[in-house]
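Student: Dropping a structure here in structure tokens format, bear with me for questions.
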Amino acid sequence: MNQTFTFTDKAKRLCYLLMGIGFIGLIWGYVRDSNVPADMAGHYNHNRFWANMLVNSFFFMGISLAGTFFLALQYAAEAGWATTVKRVMEAVTCYLPVGLGLMVLMLVLGEFKAHNLYEWMNSDLFTKGTLDKPNPLFDEKVAHNHSYFKLPFFFARTLGYVLVWGAFQRLFRRRSLEVDLNGDANHIVHFKNVKSAAIFLVFFGFTSSTMSWDWLMSLDVRWASTMFGWYTFSGMWISSLITITLLTVWLKKNGYLEEVQESTIHDLGKWMFAVSFLWSYLYFMQFMLIWYTNVPEEVSYFYDRIHEFGYRWTVWPAFFVNFAFPMIMLMSRDAKRNYGFLVIVGCCIFLFHWLDVFNMVMPATVHAHWRLGITEVTLFLGFLGLFLYVVLNNLAKAPLMVKNHPFLEESKHLHI
Amino acid sequence: MNKITLHGIYDDDQQLKEGAIKIVGMGIHVKEVFSPFPVHGIDPIIGVKRTRLAICAFIYGLTGMSLATWMMWYMMVTDWPTEIGGKPNFSYLLNVPAFIPITFESTVLCAAHGMAITFFLRSWLMPGVKAKNPDPRTTDNKFLMLLEINQGDQSKVEAALRETGASEIHVC
Amino acid sequence: MHQESEIRKPLIVGNKSYKDITDDIIRPVQGKANKYWWIVFTLAAVTFTWGLVCLCYTIGTGIGVWGSNNGVDWAWDITNFVWWIGIGHAGTLISAVLLLFRQKWRMAINRSAEAMTIFAVMCAAIFVTMHTGRPWLDYWLFPLPNQFGSLWINFNSPLVWDVFAVSTYFSVSLVFWYTGLIPDFATIRDRMTKPLARKIYSLLSFGWSGRAKDWTRFEEVALVLAGLSTPLVFSVHSIVSTDFATAVLPGWHATIFPPYFVAGAVFSGFAMVQTLILIMRKVFSLESYIQVKHVEYMNIVIIITGTLVGVAYLTELFMSWYSGVEWEQYAFINRATGPYWWAYALMMTCNVVSPQLFWFKKIRTSLVFTFILSIVVNIGMWFERFVIIVPTLCRTYLPSTWNMYHPTFVDIGIFVGTIGMFFTFFLLFARFFPVIAQSELKSILKLSGSEYKNKPGHE
């Protein structure tokens, strides 16, 4: 039985190729994006390029962050079904330090005025000026929120998320590898994991919301929705589940993970189905309530996207594909056990959840000056290459099957 | 040849399954199995096919969805369009977010009830129907295998049943 | 699953056989009710009767006898409605969601939780039908032309969504519950010696005989109904929340309302299940099946949902400030420091602070503490709905409509009456129905029974 994954040269070359494309896209995108559109004069600083960087930094970071959440959930819920794919989950979480690093880099660059994605970083908007020389750019709403976005407070929060999440990710990974080598007498480490997972989940429960306000919702600084945090979280979660499922299927196809039962794949399919539904539910409820009440401050979010800035053909497909596709294709039991179905649905909604992040970031930052062009595609591919490289590299570092886990036998004999 | 009916009674579901495998292996059809709880894995052995109730539920659900859509389209858009909350009901599509909740409820309503009714009809379960379990203990702790065999096979079958742990055998 | 990890605690303790399970569970049905049952039942029935009297008084006189007034036109009625509907959520959640998650511990409690759902939704229905003012015209809620003229009901209204949601929820839960009861009724039917009882249970059991094919279908129905009920549970309380959230009223219009109401509903529902289960296990000596472990699991669900509710409260508070909308800010300041500050304080203490005590293993495994806290949580959840409704309505846009709300004896009477009704029905259920799904318990005996688990090499 093939218990260690080898990161073949072929796979490595593919990752390098993707990263190469991304690198070219990086230069191309930055250089090409130098014309300042008239309506955004003064605060367009290669925004399309940077917004793309933000979309990808966030999307892939979200995958590994939600992966860490899902891993912790398995511990806390005493779940046994997924023990055989635990290493795959762990590999996905291993991108977290890189992803968080890139996100922090994006924020720091914004603070140093490399880009103008976050309007509230622009001090012109919240300084009132004097009575005889009032500041024409002064914006009352932004000034109101300013105390929340003050530099030290904002970065203290960001640093807090990054350090704590990263620390928990490293902790789970380290303990998992240790148990492989040294065993786990009386399951002491396992119970320690349960405890750590509970602490992480509570911390994550609060910070996943505040993070989404800080990093995404603040792009539309004049707009607020109480559901935004949970909605963003569900998007990250489903993207993460897709990644785990696709990786598992790919590994199985390549002759690894023989002990992963068809039932485990079936369960992963169910999770994909269920979380897609959760995401659609949250999306719909947020949309419906804002549409229904039609309060100007709130409805601007959707109005801008659908009417003003012309994102109609990215907003609606992102919702309908992400809702209907898994809903219809993964409803039957056989479909969830069919690799072809899982791969098609998975790839498709993976792309469309990326598009969902795109829809959150782009309209807020480049308004109508968007395109799905070379910059978007190359940067996505570049980030994908980086993500895959880190994940596969970490997958190769440890045996594919955990040892000494109390629920391993349950998972190996899973039959539903 | 004369057919006789045989009841093989087991105390344990695992033994029942082993017995069924053995009997089926002898080329004898297991007519029915009565048990106090679902014995997992017995169906393929005695040749019970996978149920298609889920497909029924899906179809009922689609029906419910279409009915609700039609109802709201007819009442709110066609028959008497009204302007409510600044949202004129000129077309179904413009107002569809407000129609989703009822469409969903109706889908679930029809799927759930349709499926339950189909189940009751297919298994013929309703008030006043006489129970068909031959031994009252099969709703408690006994597992009963009902066989219809040729008289000539009787001793062979009985031996197989006993061998696999049947506690009682009744010939009727 | 064919194997269970050794670190999982057995779910059935004591050396139980299939026969023992049957006997233990139908004992209350066969035997006579004890003194305590009669005492509690009488108490509940008397309260129920008082509720009925208040109801008749309301119908005869009009809802002017309630404390609701011009400004505060929704008060106890809708508070109670949402409270009961919320409680009704745990039953289906336990049966459906936990079934999908293959949580075997649910088998000991799902039957009574589902029964609780049905009775709670019945209580809730009383308030919605009554608060219309002229309940004899409630058929106007159905998709019929208004007054049989040519105008239809308004499908854009969340109140109409509610009618569909609650009736679907009630009927689907009923079917789910009853389908699960059928095999257990058959078990009772085959044990009964008195001819009349035999006849009744025979009718109730629909002629169930436990054939392999029936079981296959039965399990498929349970699974699909669970799959349907899970989004149904979400949708129902989401729709209830849209009664508020679609209104352009500060404090009511928040996009987080739907998922937060669902979390709150599960929270209060589990608390109510705890209250009932802890009494039931004592009265009917079901300690072998409902153990401390079960109680602990439920307490963990209470911590999770309680924390989710806490996150939602804080999100709302933060957003009201962040949005910069004065009305929103005032709505929350008014809740916390206005005339009903005490209700807000109670809600925060009972819902957000008290469940955090369950982080201590000592407390979450102590039955006495659990019992007390489960009641505290439900008090908190009642006040949550009160806080959403009354303080908001008593301070709306027009200061000339500002006034206080005082419940009358009729308000209180009907509310207490529904509690009486709930317990009356539940006691009757516990007396005549199998309170634990024994066929399901039997199917996990070998996997999770203590005797079997300790044997080496069991499968």
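The values are calculated or read from the model by the stated rules, or taken from the named source; none is laboratory data. Because the structure is predicted, anything quoted here is derived from the model rather than measured. Cβ placement follows ideal geometry from the backbone for every residue including glycine, while neighbour counts extend to all protein chains displayed. All accessible areas refer to the heavy atoms of the entire protein, side chains included, with ligands and DNA or RNA removed. Shrake-Rupley method; radii C 1.70, N 1.55, O 1.52, S 1.80 Å.
Student: For C:A108, indicate whether it is more than 14 Å from chain B (Cβ to nearest Cβ), surrounded by fewer than 18 Cβ atoms within 10 Å (Cβ to Cβ) and out of contact with any Asp or Glu (no Cβ under 8 Å at 6 or more places or on another chain).
Tutor: No; evaluated as a whole, the condition is false for this residue.
Student: To continue, here is another question. Looking only at the range C:116-137, decide whether some residue is outside any helix (DSSP H, G or I), open to solvent by less than 40 Å² (accessible area, probe 1.4 Å) and farther than 24 Å from C:N80 by Cα.
Tutor: Step one: filter the range C:116-137 for residues outside any helix (DSSP H, G or I), giving C:131-134.
Among the residues that remain, those that are also open to solvent by less than 40 Å² (accessible area, probe 1.4 Å) are: C:133.
From the residues that got through so far, the ones that are farther than 24 Å from C:N80 by Cα too are none.
Checked against the condition, which is being outside any helix (DSSP H, G or I), open to solvent by less than 40 Å² (accessible area, probe 1.4 Å) and farther than 24 Å from C:N80 by Cα, the range C:116-137 yields no hits at all.
Student: Collect the residues in the range B:1-24 that are open to solvent by 60 Å² or more (accessible area, probe 1.4 Å) and either out of contact with any helix residue (DSSP H, G or I) (no Cβ under 9 Å at 6 or more places or on another chain) or in contact (Cβ under 8 Å) with a residue 24 or more places away in the chain (or both), keeping them in residue-number order.
Tutor: B:M1, B:N2, B:K3, B:D11, B:Q15, B:E18, B:I21, B:K22
Student: Looking at this structure, is A:S57 more than 30 Å from C:K9 (Cβ to Cβ), surrounded by 15 or more Cβ atoms within 10 Å (Cβ to Cβ) and away from chain C (no Cβ under 14 Å)?
Tutor: yes
Student: What helices (runs of 4 or more DSSP H) completely inside the range A:330-416 contain at least 2 residues that are under 20 Å from the mean Cα position of the chain (by Cα)? I'd like the intermediate steps shown before the answer.
Tutor: Numbers: elements: A:333-336, A:339-366, A:374-397, A:408-412.
Per the criteria, A:339-366, A:374-397.
Student: Sort out which residues of the range A:382-412 are among the acidic types (D, E) and open to solvent by 10 Å² or more (accessible area, probe 1.4 Å), and write them in order of number.
Tutor: Of everything in the range A:382-412, just one residue is among the acidic types (D, E) and open to solvent by 10 Å² or more (accessible area, probe 1.4 Å), namely A:E409.
Student: Which of (1) at the interface with another protein chain (Cβ under 7 Å from one of its Cβ atoms); (2) open to solvent by less than 10 Å² (accessible area, probe 1.4 Å) is the odd one out, the single condition C:V248 does not satisfy?
Tutor: So the condition that C:V248 fails would be (2).
Student: Among the residues of the range C:184-199, is any at the interface with another protein chain (Cβ under 9 Å from one of its Cβ atoms) and under 19 Å from B:A111 (Cβ atoms)?
Tutor: Within the range C:184-199, not a single residue is at the interface with another protein chain (Cβ under 9 Å from one of its Cβ atoms) and under 19 Å from B:A111 (Cβ atoms).
Student: So, C:T79, is that one on the phi < 0 side of the Ramachandran plot, touching a helix residue (DSSP H, G or I) at 6+ places or on another chain (Cβ under 9 Å), buried (at least 22 other Cβ atoms within 10 Å of the Cβ) and within 14 Å of chain B (Cβ to nearest Cβ) or not?
Tutor: Taking the combined requirement at face value, the residue does not satisfy it.
Student: Take the conditions more than 19 Å from A:D356 (Cβ to Cβ) and more than 14 Å from chain C (Cβ to nearest Cβ) and apply them to A:L241. Does it pass?
Tutor: Taking the combined requirement at face value, the residue does not satisfy it.
Student: All but one of (1) within 28 Å of the chain's Cα centre (by Cα); (2) closer than 22 Å to C:W152 by Cα; (3) open to solvent by less than 70 Å² (accessible area, probe 1.4 Å) hold for B:M65; which doesn't?
Tutor: All conditions pass for B:M65, except number (3).
Student: For the range C:156-165, indicate whether the set of residues that are of a type in the set (S, T, N, Q), part of a helix (DSSP H, G or I) and more than 7 Å from chain B (Cβ to nearest Cβ) is non-empty.
Tutor: Checked the range C:156-165: no residue is of a type in the set (S, T, N, Q), part of a helix (DSSP H, G or I) and more than 7 Å from chain B (Cβ to nearest Cβ).
Student: A:P326 is checked against (1) over 17 Å from A:Y231 (Cα atoms); (2) open to solvent by 10 Å² or more (accessible area, probe 1.4 Å) and fails just one. What number does that condition carry?
Tutor: For A:P326, the exception is condition (2).
Student: Right, something else. State the number of residues belonging to the range C:270-288 that are of a type in the set (F, W, Y) and open to solvent by 10 Å² or more (accessible area, probe 1.4 Å). Outline the logic, then answer.
Tutor: Here is the first cut: in the range C:270-288, the ones of a type in the set (F, W, Y) are C:270, C:284.
Retained after the next criterion (residues that are open to solvent by 10 Å² or more (accessible area, probe 1.4 Å)): C:284.
The number of residues fulfilling the criteria is 1.
Student: A follow-up question, please. Six or more apart or on different chains, Cβ atoms under 9 Å: show the pairs whose first residue is in the range A:399-416 and more than 9 Å from every other protein chain (Cβ to nearest Cβ) and whose second is surrounded by fewer than 16 Cβ atoms within 10 Å (Cβ to Cβ) and part of a loop (DSSP other than H, G, I, E, B).
Tutor: A:P399/A:Q3; A:L400/A:N2; A:L400/A:Q3; A:M401/A:M1; A:M401/A:Q3; A:K403/A:G183; A:N404/A:G183
Student: Looking only at the range C:48-75, how many residues end up being open to solvent by less than 30 Å² (accessible area, probe 1.4 Å), part of a helix (DSSP H, G or I) and farther than 17 Å from C:A124 by Cα?
Tutor: Residues flagged as open to solvent by less than 30 Å² (accessible area, probe 1.4 Å), part of a helix (DSSP H, G or I) and farther than 17 Å from C:A124 by Cα within the range C:48-75 amount to 1.
Student: Separate question: Can C:D214 be described as closer than 21 Å to B:I102 by Cβ and in a helix (DSSP H, G or I)? Explain how you work it out, then say what you get.
Tutor: Working: closer than 21 Å to B:I102 by Cβ: no; in a helix (DSSP H, G or I): yes.
In short, no.
Student: Would you call A:F5 closer than 16 Å to A:V390 by Cβ and surrounded by 15 or more Cβ atoms within 10 Å (Cβ to Cβ)? Quick ask: steps written out before the conclusion?
Tutor: Working: closer than 16 Å to A:V390 by Cβ: yes; surrounded by 15 or more Cβ atoms within 10 Å (Cβ to Cβ): yes.
Yes; evaluated as a whole, the condition is true for this residue.
Student: Another question, if that's okay. Quick one: count up the residues across the range C:1-47 that are assigned to a helix (DSSP H, G or I), hydroxyl-bearing (S, T, Y) and surrounded by 14 or more Cβ atoms within 10 Å (Cβ to Cβ).
Tutor: Taking the range C:1-47 first, the residues assigned to a helix (DSSP H, G or I) are C:18-30, C:35-47.
Pick out the ones that are also hydroxyl-bearing (S, T, Y) and you get C:18, C:22, C:36, C:42, C:47.
Remaining after also requiring surrounded by 14 or more Cβ atoms within 10 Å (Cβ to Cβ): C:18, C:22, C:47.
Matching residues across the range C:1-47 total 3.
Every residue, every condition in (1) of a type in the set (S, T, N, Q); (2) not in a helix (DSSP H, G or I), yes or no:
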{"residue": "A:S225", "(1), (2)": "yes, yes"}
{"residue": "A:F233", "(1), (2)": "no, no"}
{"residue": "A:M236", "(1), (2)": "no, no"}
{"residue": "A:I244", "(1), (2)": "no, no"}
{"residue": "A:T248", "(1), (2)": "yes, no"}
{"residue": "A:W271", "(1), (2)": "no, no"}
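Student: If I filter the range B:103-122 for residues that are among the aromatic types (F, W, Y), more than 7 Å from chain C (Cβ to nearest Cβ) and farther than 30 Å from B:Y10 by Cβ, do I get at least one hit?
Tutor: No, the conditions are met nowhere in the range B:103-122.
Student: Another question about this same structure. Is it true that some residue in the range C:289-306 is without any contact (Cβ under 8 Å) to a residue 40 or more places away in the chain, more than 9 Å from chain A (Cβ to nearest Cβ), open to solvent by 10 Å² or more (accessible area, probe 1.4 Å) and in contact with a Phe, Trp or Tyr (Cβ under 6 Å, 6 or more places away or on another chain)?
Tutor: Scanning the range C:289-306, I find at least one residue that is without any contact (Cβ under 8 Å) to a residue 40 or more places away in the chain, more than 9 Å from chain A (Cβ to nearest Cβ), open to solvent by 10 Å² or more (accessible area, probe 1.4 Å) and in contact with a Phe, Trp or Tyr (Cβ under 6 Å, 6 or more places away or on another chain), so the answer is yes.
Student: Mind checking which residues of the range A:242-275 are open to solvent by less than 10 Å² (accessible area, probe 1.4 Å) and either among the β-branched types (V, I, T) or modelled with pLDDT of 95 or more (or both)?
Tutor: Selection gives A:I242, A:I244, A:T245, A:T248, A:V249, A:V260, A:T264, A:I265, A:V275.
Student: Return the only residue of B:L147, B:L62, B:L93 being of a type outside the set (F, W, Y) and assigned by TED's automatic domain parsing to the domain that holds B:V24.
Tutor: None of the other options fit; the residue is B:L147.
Student: Every residue in the range A:178-223 that is surrounded by 16 or more Cβ atoms within 10 Å (Cβ to Cβ), of a type in the set (A, V, I, L, M), more than 11 Å from chain C (Cβ to nearest Cβ) and assigned to a helix (DSSP H, G or I), please.
Tutor: A:V179, A:V189, A:A197, A:M211, A:L219, listed by residue number.
Student: With (1) free of Cβ contacts under 8 Å to residues at least 60 places away in the same chain; (2) away from chain B (no Cβ under 14 Å) as the list, and C:D20 as the residue in question, which single condition is left unmet?
Tutor: Against the list (1) free of Cβ contacts under 8 Å to residues at least 60 places away in the same chain; (2) away from chain B (no Cβ under 14 Å), C:D20 comes up short only on (2).
Student: Open to solvent by 60 Å² or more (accessible area, probe 1.4 Å), modelled with pLDDT of 90 or more and not in a helix (DSSP H, G or I) - does that describe any residue in the range C:356-367?
Tutor: yes
Student: Check the range B:68-88 and report whether any residue there is part of a helix (DSSP H, G or I), more than 7 Å from chain C (Cβ to nearest Cβ) and in contact with a helix residue (DSSP H, G or I) (Cβ under 7 Å, 6 or more places away or on another chain).
Tutor: For the range B:68-88, residues part of a helix (DSSP H, G or I), more than 7 Å from chain C (Cβ to nearest Cβ) and in contact with a helix residue (DSSP H, G or I) (Cβ under 7 Å, 6 or more places away or on another chain): present.
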